[in-house]
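Quick note: the coordinates plus some simple rules give every number you see, no bench work behind them. This one's a predicted model, so the numbers in the text were calculated from it and none came from an experiment. Counting neighbours? That spans all protein chains shown, and the Cβs are built from the backbone with ideal geometry, glycine included.
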Amino acid sequence: MINSLAFPRNGDKRNSSFFEEYLGRLLEERDRVGLTEMVREVDAIMLTVEPGRSIRYIGELALMTPYHYLVTLESNSHLTHILRVDMHSPDLLVREVKDPDQRGIFRSLNEVYPIGARKPNSRYMGEILRVSDLHSVVELQQAREFAFFSQEQLRRLELPGNLAVCKPSPYTHNIVGYMERPESDIRVYSLGLSSIRSDVQEVYLAAKELQAKLRIDDLLLPIDHLATRVYSQNREVAILEWLSQSSYYYWGSYDIKNQSSSTNVTKSVHFAEELRSPAKVFTANNTPYFVNHLEGLPSPTETFVRNYGPRLHHIALAVADGDREGMENIEYVVEQIRRQGGEFLLDVIGSKDQGLKQIFSSASEHSSLIVEYVQRFGDFQGFFAKDNVAELTHAAGVEEELLTMQASGQTAAVVPDWVH
Ligand SMILES: [Fe+2]
């Protein structure tokens, strides 16, 4: 039997006794009832964009990531495009609502937040986890008080009918779906009419042609981690809830004191390699916003959550270790994308000595999501460097301050030259 508590603990952030007690009890029970065994890797991730945006977003993804366009599922009020790298890493489902006035649960999760409301249909929705026995997993999770959408609700939401989908988390606003599939079978999504659309294919092929011409196509690897931001008070419960829904373990947390935040990492018990099932990372401020004036520290994470709501902040993609044309691969990739007009929030940070280099792109105008690139050197096993996280968190915070000012009609007095 797998022991989800046997993994070494990393990090320097201390947790409450509540967290430590229930971490032990929840994972021990999860292993014992067989959930850890039945719930496998992240099989797909889902997100939604504004009407008319999905094709351009697929073009952006086809250039910046290893994803390929596979097929479009057309249902009454949505287009759901399926993107795939291969069967060893998660699919990406890009969903577009056809009617800008359509209301719905995912839209309402954006609408009470000042910046989130500006693009009400743009948000990361959540993960689909592969399971070996859907009926047993759902029964066990219902007994643990997880609420699921009914079949009728899934039909009305136009989500694939072969999934069981939990209602959005009160802490992260993300959903978790389960899909039964033997490892040897291809992934299928039971939804609408399936076709390869020529308008999508055209944009996709042009982006892939450019990617090959720039010689970055062989350097971009699948998703390394998914980073969700939550309110400070929800740090521990968001982690414990995700661990209860998945077969991940708690890797550890780092305190990023100068940004008043912490980065909390969970990983799959089934795959040591993130590319097979991405790490899930939670970032939370150390203190709530209303004590900022007493602490005098920046708090970009809490500010983000107040502006957008709890949600996914970035998707991190791995870059192959090595050099190209005298540059480390990550520097080469960034340089090539910048030349095409792609924007990044800062320069590549970190070093070979620290074990990894990282960078954040600007948030996509289509999905509001940031792409992170991460290159690990040699046999570096660590997940991140603390200094890097502090710099990345700071850079994302500066961009967001500008967006907040734009949203309220002000203009920035001083715009750092690397922002635009
Ligand atoms: Fe990250």
Take every Cα-Cα pair in the range 263-406 and report what % of them are more than 26 Å apart.
29 percent
Work out how much length L5 to R339 would gain on full extension: take 0.36 nm times their residue separation and subtract the Cα-Cα distance, in nm to one decimal.
115.6 nm
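Neighbouring Cβ atoms within 10 Å as the yardstick, rank V42, V85 fewest first. Let's see the in-between values first.
Numbers: V42 25, V85 19.
With the sparsest Cβ surroundings first, the list reads V85, V42.
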For the range 1-155, just say rounded, prolate or oblate: build the C-alpha gyration tensor, square-root its eigenvalues into a ≥ b ≥ c, call rounded for a/c under 1.5, and beyond that prolate if a/b exceeds b/c, oblate if not.
prolate
Per-peptide average of other Cβ atoms within 10 Å, ordering 60-66, 351-357 highest first:
60-66, 351-357
Of the candidates D99, D31, D321, which one comes out as most mobile in a Gaussian network treatment of the chain with C-alpha springs shorter than 10 Å?
D99
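At a Förster radius of 35 Å, what calculated FRET efficiency corresponds to the Cβ-Cβ distance of N76 and R118, to the nearest 0.05? Intermediate values should be presented prior to the final figure.
Numbers: r = 26 Å, r/R0 = 0.75.
Efficiency, rounded to the nearest 0.05: 0.85.
Determine the calculated [θ] at 222 nm for the chain from helices alone, applying -39500 (n - 2.57) to every DSSP H run no shorter than 4 residues and normalising by the residue count; nearest 500 deg cm²/dmol.
-9000 deg cm²/dmol
Looking at the square roots a ≥ b ≥ c of the eigenvalues of the Cα gyration tensor of the range 7-87, which shape do they give, rounded for a/c under 1.5, prolate if a/b is larger than b/c, or oblate?
Details: a/c = 2.68, a/b = 2.23, b/c = 1.20.
Verdict is prolate for the range 7-87.
Just want to confirm a number: the relative contact order over the chain, from Cα pairs under 8 angstrom separated by 6+ residues, in percent.
On the way: 858 pairs, mean separation 74.3, N = 420.
Dividing the mean separation by the residue count of the chain yields 18 percent.
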Here the equivalent ellipsoid of the range 77-179, derived from its Cα gyration tensor, has semi-axes (largest first, whole Å) of 24, 18, 13
Those residues of the range 359-394 whose amide nitrogen sits under 18 Å from the label point placed on A206, 7 Å along Cα→Cβ:
365-366
Rotationally averaged projected area of the chain (alpha carbon convex hull; nm²):
20.2 nm²
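Using the structure shown, list the pairs from K213/K386; K208/K267; K13/K119; K119/K357; K98/K213; K167/K280 with a Cα-Cα distance above 29 Å, or answer none.
Listed pairs above 29 Å: K213/K386; K208/K267; K13/K119; K119/K357; K98/K213.
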Length-normalised contact order for the range 100-224 - Cα pairs under 8 Å, 6+ apart - percent:
21 percent
How fast does the range 178-231 diffuse by Stokes-Einstein, in µm²/s, taking the Kirkwood radius from C-alpha pairs at 37 °C and 0.692 mPa s?
213 µm²/s
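Please arrange T287, T72 by counting, for each residue, the other beta carbons lying within 10 Å of its beta carbon, fewest first. Mind dumping the intermediate values first?
Details: T287 17, T72 23.
Final ranking by Cβ density, sparse to dense: T287, T72.
Would you order Y113, Y22 from fewest to most other beta-carbon atoms within 10 Å of each residue's own beta-carbon? Don't skip to the answer; put the middle values down first.
On the way: Y113 19, Y22 16.
Final ranking by Cβ density, sparse to dense: Y22, Y113.
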Points 7 angstrom from Cα along the Cβ direction at R103 and Y289: gap in nanometres?
2.5 nm
